[in-house]
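Novice: Attaching a single structure in structure tokens format; questions to follow.
Values in this text are rule-based calculations from the coordinates and carry no lab data. Because the structure is predicted, anything quoted here is derived from the model rather than measured. Note that each Cβ is placed from the backbone with ideal geometry, even for glycine, and that neighbours are counted across all protein chains shown.
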Amino acid sequence: MQNELRKSYESKYWSLISTVEPSKNGCFLCPASEEKTKETFSIKDAKGKWLVRSIIDPYPFTHPSMFKLKEKDDILKKYTSHGWSEIIIEHREHTKELQELSSEEIKNILLVYVDRIKSMKNRENVELIGIIKDNMKMDFEHSNSKIFTLPILPDLIKNKIDNFNDYKFKNETCFYCDLIEREKGSPRVIFENKSFIVISPFNQENNYEVTIFPKEHYSCLTDLNEFEIFTLAETIKNILTRMKIVVSPFKYSMIFYIKPCRIEDFHFHIRIFQKTIQHSLKEGYDINLCKLSPESIAKILRGK
């Protein structure tokens, strides 16, 4: 069965039915396993050894061979999950975690994100580019993150954009820029530097939730210069190091919210919070991830 995006009968929520299971036969993200994967981009050292590597996701959310279906049924709406999904291998060392990397090493990961966003944003049928990082190691033991495209805008993202546009229309200013200005000096500010501010949101949805905002009005990671990317790397390392001390067990999700591809304006930001039992796709983009199709479940429960 191809992966499918299916819409709820009675609400605007989507579910991704993804039945491909990861292999448990060794780690093919480690060095010396490069021939097992297809590289899309990498950052190398002076000797040509890769430091960060992006590969085609072998267990993708979305895939370019899966084309959008024309639906005739007004109730049972579905799309094959057309798009692109890649894995970012964050470091050569199998056991090294993101907060253990230097700011320069994290900067290289962010630069790979920037390259992949630029590569993906103008492709066919791309509405949204998502970036998810968590340390649950559900598919791979090796530290990694996932970047992917979606052919739809999930309702959570639509609400963000609608609220952003409504506020801009009424006030002729950016909601997030005004929020940053109002929060400066508040007890919810964790720390700030020249380019970024980290805030524990007033209406947090998860334990130990923080939001990283660029102080300048940037809609995407691709708007940052190299110094700002390095400063963002320092910011991410700072907050993860703080969380590592107090969050037990230290399981987190990091979700990037960048401007959707067909939207005119936005103020990008990053959420980090203690991992819940839900998949990061649900936590970050409000899309349920199911590993069995309803047709398979019905067959199993029928006993035939």
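Novice: State, to one decimal in nm², a quarter of the convex hull surface area for the C-alpha atoms of segment 173-304, i.e. the direction-averaged projected area.
Specialist: On the way: hull surface 44.7 nm².
Result: a mean projected hull area of 11.2 nm².
Novice: Counting other Cβ atoms within 10 Å, keep those with at most 11, restrict to DSSP loop, and tell me which GluC sites (Glu not before Pro) in segment 152-196 are left.
Specialist: Working: sites: 172, 181, 183, 192; in loops: 172.
Answer by residue number: 172.
Novice: Work out how much length residue 288 to residue 141 would gain on full extension: take 0.36 nm times their residue separation and subtract the Cα-Cα distance, in nm to one decimal. Walk me through the intermediate numbers first.
Specialist: Working: separation 147, 0.36 × 147 = 52.92 nm, distance 2.27 nm.
Taking residue 288 through residue 141 to full extension adds about 50.6 nm, to one decimal.
Novice: What ranking of 264, 35 emerges when the number of other C-beta atoms within 10 Å of each C-beta is taken as an exposure proxy, fewest first? Working shown, then result.
Specialist: On the way: 264 10, 35 7.
Lowest count first: 35, 264.
Novice: How far apart, in nanometres, would the label points at residue 246 and residue 215 be if each is projected 7 angstrom from Cα along the Cα-to-Cβ direction?
Specialist: 2.3
Novice: Please go through the residue pairs 244/282; 44/121; 121/251; 118/282; 215/244; 49/215 and name each one whose alpha carbons sit more than 32 Å apart in this structure. Spell out each step's value before the answer.
Specialist: Numbers: 244/282 23 Å; 44/121 24 Å; 121/251 30 Å; 118/282 25 Å; 215/244 25 Å; 49/215 35 Å.
49/215, as the Cα separations exceed 32 Å there.
Novice: Between residue 167 and residue 188, what FRET efficiency follows from the Cβ-Cβ distance if R0 is 22 Å, with the result rounded to 0.05? Numbers along the way, then the final one.
Specialist: Details: r = 20 Å, r/R0 = 0.89.
About 0.65, to the nearest 0.05.
Novice: Sort 118, 158 by Cβ crowding within 10 Å, fewest neighbours at the top. Please list the in-between numbers first.
Specialist: Numbers: 118 12, 158 16.
Taking fewest neighbouring Cβ atoms as first place, the list is 118, 158.
Novice: Which order do 268, 28, 169 fall in if you start with the one that has the fewest other Cβ atoms within 10 Å?
Specialist: Details: 268 20, 28 17, 169 8.
Arranged by neighbour count, lowest to highest, 268, 28, 169 become 169, 28, 268.
Novice: I'd like the FRET efficiency for residue 204 and residue 43, computed as 1/(1 + (r/R0)^6) with the beta carbon distance as r and R0 of 41 Å, rounded to 0.05.
Specialist: 0.75
Novice: In addition: Under the rule of at least 5 residues apart or a separate chain, name every residue whose amide H is placed under 5 Å from the amide H of residue 128.
Specialist: 150, 152, 261
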